[in-house]
1. What 222 nm value per residue comes from the helices of the chain, counting each DSSP H run with n ≥ 4 as -39,500 (n - 2.57) and dividing by all residues, nearest 500 deg cm²/dmol?
2. Which lysines have a Cα less than 17 Å from the Cα of LYS299, not counting those fewer than 8 places away in the same chain?
3. So how many Å³ per residue does the convex hull of the Cα atoms of segment 361-488 work out to?
4. Using the structure shown, list the pairs from LYS470/LYS554; LYS314/LYS537; LYS11/LYS48; LYS424/LYS494 with a Cα-Cα distance above 23 Å, or answer none.
5. From the list [x] 27; [y] 14; [z] 42, can you say which value of percent of Cα pairs over 48 Å apart was derived from the structure given?
6. Would you list which aspartates and glutamates come within 15 Å of LYS221, measuring only between C-alpha atoms, while excluding same-chain residues fewer than 8 positions from it?
7. Over 14 Å apart: what share of the alpha carbon pairs of segment 226-269 falls there, rounded to a whole percent?
8. Inverting the mean 1/r over all pairs of different Cα atoms, compute the Kirkwood radius of segment 359-427 and quote it in Å.
Amino acid sequence: MAAIDIPEVHKFIEATPPFSSLNLLERKQLLTGVSMLYVRQGQTLALKDEAATLHLIRRGACEIRTPKGGLVDQIADGECFGVSSVMAQNPDGLQVVAMEDSLVYRFDKAHFMALLEKSEALGLFFEHTQHNRLRKLSRSQSNELASPALQLSTPVLNIMTRQLVLATPDETIQTIAMRMTAARVSSILVVENERLLGIVTDRDLRSRILALGGSADSLVKDTMTVDPVNVRPDALVMQAQTIMSESNIHHLPIVDEEQRAVGMLTAADLLRHQELSPLLLINQIHRQQSIESLARVCKQWPTLIINLIVTDMKPADIGKVLATVSDNLTRRVIELAMDQCGPAPMAFQFLVFGSQARRDQSLGSDQDNGVMLEREPTAEENHYFATLSDVICQGLALCGIRLCPGNIMASNPEWRRTQEGWRKAFEKWIKSSAPSALLNASIFFDIRCVYDSRQLTDKGDSEAVKSLIKSMQQYVAQNSVFLATLTRSALVTKPPLGFFRHFLLESSGEHKNQLDLKHQGLALINDVARLYGLSCKTYRAGTLDRIEQAIREKLISVDTARNLIDAWDKLNGLRLEAQSRHWQATGKASAYLDPKDLSPLERKHLKTTFGIISDVQDVAQQRFLRGYS
């Protein structure tokens with residue numbers, strides 16, 4: 001225990017939520033018996049006996065882990081641990097490990113508990129903290145018990161079929177059999193006034209109609225299984241699997257609180273969920289012999305993404321996994337397109353831009369791509385590449401990567417160029433300050449090659465693309481006015497925080513009173529990272545890679561960069577979770593978030609994240625606009 005300067009502690013907690021809400025007398029009560037610990041990096045704190053009390057990190061960072069080492073949370077300056085120990089005797093055996101040398105205040109348990117009973121605000125804050133930690137603990141334990149490919153703790157909502165085939169009780173068996181055949185399903189739900197009454201399966205048609213010589217004009221109500229076993233959308237996959245096994249059924253209706261059918265879970269859905277993994281999907285992609293069969297395989301794409309999200313995988317890792325799958329999908333579509341159109345008349349590279357180039361795709365990402373040709377094509381060769389590009393882009397759309405609304409695709413002749421043509425385009429944009437040039441720079445300057453017809457295997461960017469990137473960097477280095485102009489454009493949009501640190505929400509429209517996590521958060525970080533990336537000697541396409549490279553080349557301070565990386569991780573995690581919820585509810589991806597859906601502590605962290613982005617924008621402005629204001 002180190003000696004402690006009480007006035008200094010008073011000053012610190014006076015500015016640290018939730019203690020800032022206490023009056024002077026309450027703060028004095030809290031600090032009675034307070035002590036300070038110096039915790040070395042890697043040291044584990046067992047919260048037992050007298051140490052089973054609340055701790056506040058004065059300076060440093062710690063991880064909260066399960067007894068098996070599973071990560072529950074990461075905390076730093078101004079955050080507390082020991083909440084479960086002091087409020088519930090730490091039944092889960094959580095441990096605290098210092099990520100770096102840290103100074104920690106330890107509060108006297110008796111005085112803290114006495115204050116907790118008196119202060120409703122303090123109690124509410126720590127109840128939220130404990131709730132959020134328990135939620136993260138649940139996710140961590142799910143990871144310990146199951147692989148990402150088999151998450152038995154996943155709600156059935158994540159894997160159930162939403163496109164229901166429905167019937168009414170008075171329809172004939174022949175009518176519903178025709179409907180089932182057309183929809184290629186093995187069951188149909190019987191509803192009346194939207195409420196589930198029964199179910200008819202293929203097995204019912206065989207055993208209750210065909211085997212008994214029944215008539216095709218029989219009514220559904222005389223054949224269906226009445227009041228079938230069902231579960232709610234929040235039931236776990238493990239529970240659903242157990243129910244289906246015990247009841248010997250292969251179709252499980254999913255109903256809401258009003259007994260309205262909202263989904264269907266089949267044995268096939270469970271099997272796909274258990275077998276769904278990135279490696280399996282890539283293997284299936286390369287086995288397909290047509291774009292149509294490839295599209296059927298890629299219907300698993302949203303479920304794969306949701307599975308990765310619910311396993312609490314790091315956002316950066318999710319991006320890398322999705323980029324690997326997406327790159328393999330793109331290459332296979334190109335191969336199948338060439339089978340259809342014939343061999344290419346010259347060497348070419350297929351380029352991707354934007355999120356796929358940065359490796360941060362998510363649900364609902366669209367295409368940004370182009371072609372680099374070996375030489376200027378003849379009219380006949382140009383027709384070939386126009387046809388090939390159209391097949392590729394339409395094929396990718398069929399597989400779930402939607403067409404670009406801005407037509408930045410290889411199917412657009414504007415984005416099929418020779419290496420010299422691409423070089424001149426980059427040079428033109430860099431020399432221009434027109435809004436269209438800056439927009440193009442924000443898209444095309446994130447570039448990767450995913451297919452080179454000269455390479456039989458994926459060996460990274462081709463020499464032609466490396467040469468193109470090198471010339472682009474040289475143009476940027478020689479034109480500081482362009483970087484300043486690009487900086488002004490990048491810094492026009494500010495994080496959605498008001499003067500008094502209130503969220504600035506959408507004021508109207510479909511997303512009224514929500515935050516746009518993509519355009520008001522992540523895009524701002526991507527823009528700043530691009531500025532640093534274009535200033536680096538070594539080119540990187542990914543946002544985090546650019547920030548790390550800027551550290552190595554000493555263009556940005558380590559503290560500023562680490563804060564920016566943490567902000568990107570935080571926002572990307574929130575975006576993925578928001579997209580997952582929207583997708584499950586509507587079948588569409590949306591990066592909008594209602595702050596009311598967050599706990600008070602999560603809202604505090606989000607405001608801090610937006611504050612970090614604002615601070616880094618100020619740093620970027622000073623660096624890149626020096627002399628150009």
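1. Helix-only estimate at 222 nm: -15000 deg cm²/dmol.
2. LYS588
3. 128
4. LYS314/LYS537; LYS11/LYS48; LYS424/LYS494
5. [x]
6. The reachable aspartates and glutamates, counting only those whose Cα sits under 15 Å from LYS221, are ASP170, GLU171, GLU192, ASP204.
7. The answer is 40 percent, as a whole percent.
8. After inverting the pairwise mean of 1/r, the radius is 12.8 Å.
The values are calculated or read from the model by the stated rules, or taken from the named source; none is laboratory data. These figures come from a predicted structure and were not determined experimentally. Backbone-built Cβ (ideal geometry, glycine too); neighbour counts: all protein chains shown. These accessible areas exclude ligands, DNA and RNA; they are computed on the full protein's heavy atoms, side chains included. Shrake-Rupley method; radii C 1.70, N 1.55, O 1.52, S 1.80 Å.
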